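S.K.: Would you mind keeping the following structure in view while I ask a few things?
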Amino acid sequence: MRYIAIILGFIVILLIGVYTLAFTSFGNTIVASLIESKIRQETKMKSKFTTFILNMSNFEIILELGPNNIVSVNGNYSLFSRSFDIAYRARLDQLSDLNHLRDTSFVGTFFTHGHIRGDRELMQIDGSSDIAKSETTYHLTLTQLHLTSILAKVKHMELFSLLQMAGQKPYANGTVDMDIDFKNIMPHALDGVLHLRTQKGKVDTKLMQDDFNVTIPETLFSMKLDAKLERERVDFTYTLESNLAKISTSGKIIPQPLSMNVKYSLDIDNLALLKPITNMPLRGQLNLFGEVKGTKENLKVDGKSDICASNTDFMLQMKDFKPATFQVKMHNLKLEKVLYMMQQPHYAEGLLSLDVDISDVRSNSLKGNIKTNITHGLLDSQYITKAFAFQSEMPKTLFDLSAQSILDTNSIQTQVTLNTNLATLHMQKLRFDINDTSINTDYKFSAQNLDAFYFLTQRHMRGAIVAEGRVEKSKNLDVTLHSNIMSGTVDAKLHNDAISVELKSLQTQSILHTLLYPEIFDASLSGTFAYNLLAEKGTLKAKLADGKFSKNEIFTLIKYYGVLDMYAERFHGDINAKINKEFIVASLELLSNKSSIKTQQTKLNSKTKEIDSELDLVVNNNPISASVKGTTDTPKVSVDLEKFMKSKAGDAVKKEVNTFLKRLF
């Protein structure tokens with residue numbers, strides 16, 4: 001009995017202690033202080049209880065979360081039946097004070113009040129609120145602390161205030177009305193309806209311009225959502241209508257386990273609206289429709305579109321809401337509409353077709369194929385001529401293009417063929433690295449008529465060219481070129497701005513023929529050419545071998561008067577030139593057994609075609625001097641024959657020399 005009395009005494013003392021601590025003013029002060037300290041620690045706010053009264057059957061608590069946010073609760077409760085009847089009231093006049101509690105920027109005010117009645121098994125919450133300046137009433141039912149039903153009416157909610165309160169920029173305003181009657185939201189026993197209406201919606205065009213540089217006309221919109229919950233599924237229809245776009249969806253969704261069968265349509269008059277999502281400067285129209293079917297583990301999105309006046313079909317397969325495979329067939333997109341949509345100039349017209357089959361969309365294991373074709377292509381020669389400031393108009397240029405690409409993890413391998421009436425370009429192994437955006441490709445370029453490129457070169461030419469090489473672009477740009485041209489070979493390298501060219505065994509007669517100069521000299525030319533594109537400076541160093549002149553009046557006269565048979569002479573020599581933008585300074589020295597031709601410091605302006613040159617000819621020890629000034633189109637030639645012209649044939653020879661030199665330049 002003694003031990004029982006001790007135990008009972010200990011229990012009584014403990015109960016008295018608990019009662020004193022929990023249900024007396026002295027105990028309330030201690031408990032309030034402890035709870036205050038914990039709240040301050042968790043919220044990092046200067047929180048305090050202005051009222052904390054707790055006894056055996058009722059309580060009243062008022063908590064200040066800073067000077068502008070007050071939460072109060074009071075009511076009755078039973079410890080034995082664990083039932084309660086509680087009134088609550090929350091007035092938050094400075095929501096921004098709560099920002100650090102969540103990773104969200106709250107703005108504005110919020111007020112709600114109501115009653116909580118019931119017990120642990122069944123709890124009823126009735127209240128009202130002015131959220132986003134609305135008139136809101138709500139009734140919630142919790143069964144064993146799980147939310148099971150919702151009844152709410154929201155009238156005249158301001159979309160502007162709702163976005164602001166949530167810390168989002170108010171890109172739109174409008175009035176939202178909502179009627180929720182969810183009698184049961186438990187899985188597999190759904191029962192209820194939802195009606196949502198947004199009216200007098202208006203997009204803030206100035207904010208769209210300021211934040212996204214998107215200019216759109218005044219845009220009004222409305223929204224409508226109707227949903228019915230029935231046992232396991234939700235049937236719904238949703239429509240958004242505006243003067244710029246219309247979005248419609250309808251179908252059914254089974255929440256657990258998730259599955260859906262939904263139809264959708266999207267009609268956008270101005271793609272600029274999507275810039276906040278795509279971060280791309282798009283414009284123009286977009287119309288598409290399709291279906292979404294499947295489960296969370298395997299969801300299929302099908303669609304059709306007439307984008308850029310095309311026939312487009314696409315299919316996206318998703319696994320756990322992540323893209324898995326993607327297929328799209330886009331036939332006969334109008335190229336000019338694609339350029340317009342991308343806000344690019346009108347470079348060309350034509351029909352573009354794409355066939356995309358991505359078997360694995362994941363970036364770390366990308367797999368797939370892409371086929372691209374452009375037919376009936378026509379470049380806008382007039383615009384291109386103006387845009388690139390060509391001195392003469394680009395000729396009419398027709399083209400077609402075909403490309404086949406293989407996507408393999410981090411790279412894209414492509415074969416490209418571009419055919420135009422001016423030239424053809426083939427790239428058999430173009431490789432694009434997705435990680436570092438580097439490009440590596442071979443190429444083969446061929447043109448049958450060089451004169452067609454007069455708009456680029458500003459020089460009439462004849463003949464054809466075939467060139468091949470490689471292009472590599474990563475941190476640096478490197479290009480190689482090889483061509484068998486003018487009866488010889490040209491090998492060139494470009495490293496960023498620096499060009500180096502090696503010339504081997506080019507035939508001067510072929511060069512003169514290509515450049516439409518008189519074909520008076522035939523020799524083998526080899527040398528090097530170096531040029532910097534940025535500085536526009538360069539040098540040419542070349543040697544001439546086994547050179548011979550074709551028939552001309554001056555050499556015929558020299559032979560006729562027995563001075564020397566110049567046609568039998570074989571010349572060799574050097575050419576050196578320095579280039580500084582449009583200014584060229586050149587020297588030439590040709591030697592044979594019995595004659596020589598020299599010029600030093602010949603000055604040529606490639607833009608104005610002005611020339612200033614002094615020529616020295618020695619024929620069997622007989623000197624002839626000449627000067628060439630003016631332009632290469634109409635040069636002024638002066639000849640000093642000195643002692644060589646003392647013979648009776650001097651006047652005739654002088655006349656022929658003038659004729660020869662004019663034809664030479």
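Just so you know, all these numbers are worked out from the coordinates, no wet-lab data involved. From a predicted model like this one, the values you see are computed outputs, not experimental measurements. Every residue, glycine among them, receives a Cβ derived from its backbone with ideal geometry; neighbour counts consider all protein chains shown.
S.K.: Between Ser363 and Arg91, what FRET efficiency comes out of the Förster formula 1/(1 + (r/R0)^6) with R0 = 60 Å and r the beta carbon distance, rounded to 0.05?
M.R.: 0.75
S.K.: Once R0 is set to 45 Å, what does the formula 1/(1 + (r/R0)^6) return for the Cβ-Cβ distance between His331 and Leu258, expressed as a FRET efficiency to the nearest 0.05?
M.R.: So, using R0 = 45 Å, E works out to roughly 0.85.
S.K.: Give, in nm to one decimal, the length gained when the segment between Asp491 and Asn620 is fully stretched (0.36 nm per residue of separation minus the Cα-Cα distance).
M.R.: Working: separation 129, 0.36 × 129 = 46.44 nm, distance 3.87 nm.
Once the chain is fully extended between Asp491 and Asn620, it gains 42.6 nm.
S.K.: Which entries of Lys202/Lys252; Lys322/Lys371; Lys202/Lys224; Lys275/Lys473; Lys429/Lys493; Lys263/Lys329 show an alpha-carbon separation above 27 angstrom in the structure shown?
M.R.: Beyond 27 Å: Lys202/Lys252; Lys275/Lys473.
S.K.: Need the full-extension length gain, Glu218 to Met315, defined as separation in residues times 0.36 nm minus the C-alpha distance. One decimal, nm.
M.R.: That pair, Glu218 and Met315, stretches by 31.5 nm at full extension.
S.K.: Could you please report the charge total around Arg431, scoring K, R as +1 and D, E as -1 over all other residues with beta-carbon less than 12 angstrom from its beta-carbon?
M.R.: Neighbourhood net charge equals -2.
S.K.: Of all beta bridges DSSP finds with both residues in region 186-233, what is the antiparallel percent, to the nearest 5?
M.R.: On the way: 12 of 12 bridges.
So the antiparallel bridges in region 186-233 amount to around 100 percent.
S.K.: Restricting things to alpha carbons, find the Rg to Rh ratio for region 171-307 using the Kirkwood radius for Rh.
M.R.: So for region 171-307, dividing Rg by the Kirkwood Rh gives 1.03.
S.K.: Which value in nm describes the separation of the simple spin-label points at Thr137 and Ser33, placed 7 Å from the Cα toward the beta carbon?
M.R.: 4.6 nm
S.K.: Expressed as a whole number of Å, what is the distance separating the alpha-carbon centroids of region 190-264 and region 72-93?
M.R.: Each part's Cα centre sits 38 Å from the other's.
S.K.: Where in region 399-417 does the label zone of His482 land, with the point 7 angstrom along Cα→C-beta and an amide N cut-off under 12 Å?
M.R.: Backbone N within reach: none found.
S.K.: In addition: Per residue of region 53-64, what does 6.51 cos²θ - 1.76 cosθ + 1.60 with θ = phi - 60° give for ³J(HN,Hα)? Whole Hz please, x for Gly and Pro, Karplus curve as stated.
M.R.: 10, 9, 10, 5, 9, 8, 7, 8, 9, 10, 10, 9
S.K.: Here's a follow-up. Could you tell me the distance between the Cα centroids of region 472-487 and region 392-415, to the nearest Å?
M.R.: The two parts, judged by their Cα centres, are 19 Å apart.
S.K.: Sticking with this one: Where in the chain are the DSSP H helices whose alpha-carbon span along the long axis reaches 24 Å or more and whose Kyte-Doolittle mean is at least 0.0?
M.R.: Taking the DSSP H segments of the chain (at least 24 Å long, mean hydropathy at least 0.0), we get 2-23.
S.K.: Okay, helix-only estimate at 222 nm for the chain: each DSSP H run of n ≥ 4 adds -39500 (n - 2.57), divide by all residues, round to 500 deg cm²/dmol; what do you get? Please report the intermediate quantities before stating the final value.
M.R.: Numbers: 11 runs with 108 residues, N = 665.
Rounded to the nearest 500, it is -4500 deg cm²/dmol.
S.K.: Any chance you could tell me what percent of the C-alpha pair distances in the chain go past 47 Å? The partial results should precede the final answer.
M.R.: Values: 115240 of 220780 pairs.
Roughly 52 percent, rounded to a whole number.
S.K.: So, one more: First select every other residue whose beta carbon is under 10 angstrom from the beta carbon of Phe110; then total the charges, Lys and Arg +1, Asp and Glu -1. Provide the component values of the computation, followed by the final result.
M.R.: Numbers: positive: Arg91; negative: Asp93, Asp130.
Net of charged neighbours comes to -1.
S.K.: Would you please report the Å³ per residue occupied by the convex hull of the alpha carbon atoms in region 314-432?
M.R.: Numbers: hull volume 14.2 nm³, N = 119.
Enclosed volume per residue, from the Cα hull, is 120 Å³.
S.K.: To the nearest 0.05, how large is the calculated FRET efficiency for Gln448 and Arg470 if R₀ is 30 Å and r is the Cβ-Cβ distance?
M.R.: In this case the efficiency is close to 0.80.
S.K.: Now for a different question. Considering Cα pairs under 8 angstrom that are at least six residues apart, work out the relative contact order of the chain and quote it in whole percent.
M.R.: So the answer I get is 3 percent.
S.K.: Would you report the distance distribution of C-alpha pairs in region 366-459 as whole percents per 5 angstrom bin, up to the bin with the largest distance?
M.R.: Percent of pairs per bin, in order: 3, 12, 17, 18, 16, 14, 12, 6, 2, 0.
S.K.: Here's another thing I want to ask about it. Tally Lys and Arg at +1 and Asp and Glu at -1 over the other residues with C-beta under 10 Å from the C-beta of Leu194: what net charge comes out? Numbers along the way, then the final one.
M.R.: Details: positive: Lys228; negative: Asp179, Asp181, Asp226.
Local charge sum for Leu194: -2.
S.K.: Highest mean first, how do 455-466, 182-193 rank when packing is the count of other Cβ atoms within 10 Å averaged over residues?
M.R.: Listed from highest to lowest mean packing, they are 182-193, 455-466.
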